[in-house]
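Q: The structure follows.
The values are calculated or read from the model by the stated rules, or taken from the named source; none is laboratory data. Worth saying up front: this structure is predicted, and the values here are computed from it rather than measured. Here Cβ is always computed from backbone atoms with ideal geometry, including for glycine, and neighbour counts include all displayed protein chains.
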Amino acid sequence: MFDLIVKGGTLPDGRVADIGITGATITAIGNLAESDAGEVIDASGDLVSPPFVDPHFHLDATLSYGTPRINASGTLLEGIGLWGELKQIVTQEEMVTRALAYCDWAASMGLLAIRSHVDTCDDRLLGVAAMLEVRDKVKPYIDLQLVAFPQDGFYRDPTARDNTIRALDMGVDVVGGIPHFERTMADGAASVRELCELAAARGLQVDMHCDETDDPHSRHIETLACEAQRLGLGGRVAGSHLTSMHSMDNYYVSKLLPLMAEAGVAAIPNPLINIMLQGRHDTFPKRRGLTRVKEMQAQGITVGWGQDCVLDPWYSLGTADMLDVAFMGLHVGQMSHPDEMRRCFDMVTTQNARILGLEGYGLQVGAQASLVVLDAGDPIEALRLRPARLAVVSKGRVIARTARQDAALTLPGRPGTIRRRHPQGG
Ligand code: FE2
């Protein structure tokens with residue numbers, strides 16, 4: 001007897017199977033009798049996927065767009081300045097309210113695990129306190145991992161070092177950094193070293209904003225890979241953005257990528273934000289700014305797509321839909337082969353789960369019973385349509401449902417109901 005059966009869905013690998021859920025665990029996959037279930041979700045013809053995972057977000061800033069003003073230049077640096085203004089006037093309660101509203105959006109889209117950077121450059125650490133509160137509140141349905149992020153520079157900001165350590169003491173999960181924003185390249189490299197040592201001493205993961213610049217000489221990823229290797233942090237370190245790699249010398253990159261692979265450092269490009277913020281100083285041709293995704297994957301480096309921002313000082317749009325993120329990444333990275341498109345779907349699910357180190361993730365017996373049913377035949381169609389999440393199950397509970405979004409066409413002589421699904425499926 002199961003509490004819930006998700007019936008007849010197509011899994012991302014193409015298998016058609018029923019999924020039996022007992023409590024918060026997947027307890028069977030195969031042909032299951034509906035009469036054995038307390039509740040049945042009919043997923044016949046629909047894609048059933050493990051939940052979406054976002055490895056890079058800023059919950060403390062989300063849904064603040066326009067407060068106290070918009071980012072007129074559209075640059076990363078004006079965004080950082082604007083966030084600095086907002087930090088002066090924001091309250092802990094406001095941050096909690098905005099973050100919880102965003103988490104509702106995320107849950108409705110099947111986004112059930114998020115790694116969020118939280119700014120530690122505030123002597124009051126209001127954002128840290130707010131996000132720890134949010135982590136507790138959403139725990140029943142979203143796994144939220146927090147990164148101690150010294151936005152204004154671990155050394156450049158006079159109290160950031162102490163405050164980042166305080167944030168870790170308060171229970172923040174992951175060590176962050178921003179080496180390209182320190183005063184000099186040398187300070188940046190030193191910050192990477194000290195932050196990795198902090199993580200090693202505490203047994204924590206590392207995820208740094210790294211080389212988020214168009215400057216091809218920004219090479220902190222090299223130091224990050226070296227420190228990961230030296231301290232034995234392989235598999236627990238990620239470099240976020242890595243946009244400078246887009247503009248680096250090809251010979252240098254041919255040395256760098258094997259170093260990253262050898263050190264077990266993962267990469268998290270954020271395509272919506274990278275394509276929006278990078279290249280702003282260029283005339284034409286204008287650089288895309290996205291890091292070398294396919295080239296890293298060819299070297300065996302784990303790469304996951306991150307979202308980064310929704311309606312905040314850096315980005316005026318955003319939906320909490322990881323399929324939007326993958327869709328942009330697919331285009332900017334020119335990942336149009338069917339194998340590459342399927343890989344893009346895998347990046348916002350399984351690969352991101354691997355970067356976060358999520359336990360019990362996936363659609364297999366014994367895994368946590370979290371999944372999403374999509375109005376699509378397969379992962380490629382999901383990327384094309386970015387369709388309705390017909391049902392979202394988190395830890396055994398159905399937490400959201402959305403109706404199919406078929407159009408009623410009133411054109412004379414043409415069929416009445418329009419579905420954008422491929423007629424042959426997939
Ligand atoms: Fe970020």
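Q: Is the range 378-401 home to any residue that is exposed (fewer than 13 other Cβ atoms within 10 Å of the Cβ), β-branched (Val, Ile, Thr) and not in a helix (DSSP H, G or I)?
A: no
Q: Here's a check for you: in the range 301-351, which residue that is of a type in the set (D, E, K, R) and assigned to a helix (DSSP H, G or I) is farthest from the ligand (Cβ to nearest atom)?
A: Here the residue is Asp339.
Q: Would you call Gly264 closer than 22 Å to Leu76 by Cβ, assigned by TED's automatic domain parsing to the domain that holds Ile178 and in contact with a strand residue (DSSP E or B) (Cβ under 9 Å, 6 or more places away or on another chain)?
A: In short, no.
Q: Shifting gears a bit: So which residues in the range 81-95 are within 17 Å of Ala129 (Cβ to Cβ) and surrounded by 15 or more Cβ atoms within 10 Å (Cβ to Cβ), if there are any at all?
A: Answer for the range 81-95, where residues must be within 17 Å of Ala129 (Cβ to Cβ) and surrounded by 15 or more Cβ atoms within 10 Å (Cβ to Cβ): Leu86, Lys87, Val90, Gln92, Glu94, Met95.
Q: Going through the range 15-62 one residue at a time, which ones are acidic (Asp, Glu) and either modelled with pLDDT of 95 or more or touching a Lys or Arg at 6+ places or on another chain (Cβ under 7 Å) (or both)?
A: Asp18, Glu34, Glu39, Asp42, Asp46, Asp54, Asp60
Q: Quick check on the range 225-279: of everything there that is farther than 16 Å from His180 by Cβ and hydroxyl-bearing (Ser, Thr, Tyr), which residue is nearest to the ligand (Cβ to nearest atom)?
A: Tyr252
Q: Which residue out of Arg421, Arg386, Arg397 is among the basic types (Lys, Arg) and closer than 30 Å to Gly239 by Cα?
A: Only one candidate passes the filter, namely Arg386.
Q: For the list (1) among the β-branched types (Val, Ile, Thr); (2) away from the ligand (no atom under 16 Å from the Cβ); (3) surrounded by fewer than 17 Cβ atoms within 10 Å (Cβ to Cβ), I need the number of the one condition that Ile21 fails.
A: Every listed condition holds for Ile21 apart from (3).
Q: Need the failing condition index for Ser240 against (1) crowded, with 24+ Cβ neighbours inside 10 Å; (2) in contact with a helix residue (DSSP H, G or I) (Cβ under 7 Å, 6 or more places away or on another chain), just the number.
A: (2)
One line per residue, one yes/no per condition, for (1) outside the structural domain of Ser73 (by TED's automatic domain parsing); (2) crowded, with 22+ Cβ neighbours inside 10 Å; (3) in contact with a strand residue (DSSP E or B) (Cβ under 7 Å, 6 or more places away or on another chain); (4) under 20 Å from Arg389 (Cα atoms):
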residue	(1), (2), (3), (4)
Asp312	no, yes, no, no
Pro338	no, no, no, no
Phe345	no, yes, no, yes
Thr349	no, yes, yes, yes
Ala376	yes, yes, yes, yes
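Q: Could we say that Leu290 is at negative phi and in a loop (DSSP other than H, G, I, E, B) here?
A: yes
Q: So Thr22 passes all but one of these: (1) of a type in the set (Val, Ile, Thr); (2) assigned by TED's automatic domain parsing to the domain that holds Ala403; (3) within 27 Å of Met322 (Cβ to Cβ); (4) touching a Phe, Trp or Tyr at 6+ places or on another chain (Cβ under 6 Å). Which condition number does it fail?
A: Tallying (1) of a type in the set (Val, Ile, Thr); (2) assigned by TED's automatic domain parsing to the domain that holds Ala403; (3) within 27 Å of Met322 (Cβ to Cβ); (4) touching a Phe, Trp or Tyr at 6+ places or on another chain (Cβ under 6 Å), Thr22 fails exactly one: (3).
Q: Let me ask you something else. Name the residues in the range 338-355 that are over 11 Å from Ile268 (Cα atoms) and among the aliphatic types (A, V, I, L, M), would you?
A: Answer for the range 338-355, where residues must be over 11 Å from Ile268 (Cα atoms) and among the aliphatic types (A, V, I, L, M): Met341, Ala353.
Q: Counting only residues that are touching a helix residue (DSSP H, G or I) at 6+ places or on another chain (Cβ under 7 Å), in a helix (DSSP H, G or I) and of a type outside the set (Lys, Arg), which one in the range 199-220 is farthest from Ile268 (Cα to Cα)?
A: Applying the filter and picking the extreme gives Ala200.
Q: Can you tell me which residues in the range 49-79 are surrounded by 19 or more Cβ atoms within 10 Å (Cβ to Cβ) and within 14 Å of the ligand (Cβ to nearest atom)?
A: Correct list: Asp54, Pro55, His56, Phe57, His58, Leu59, Asp60, Ala61, Thr62, Leu76, Gly79.
Q: Related question: Of (1) at pLDDT below 95; (2) surrounded by fewer than 20 Cβ atoms within 10 Å (Cβ to Cβ); (3) within 16 Å of the ligand (Cβ to nearest atom), Arg288 satisfies all except one. Which?
A: With respect to (1) at pLDDT below 95; (2) surrounded by fewer than 20 Cβ atoms within 10 Å (Cβ to Cβ); (3) within 16 Å of the ligand (Cβ to nearest atom), Arg288 is out only on (3).
Q: Is it true that Met185 is within 21 Å of His281 (Cα to Cα) and not aromatic (Phe, Trp, Tyr)?
A: Yes.
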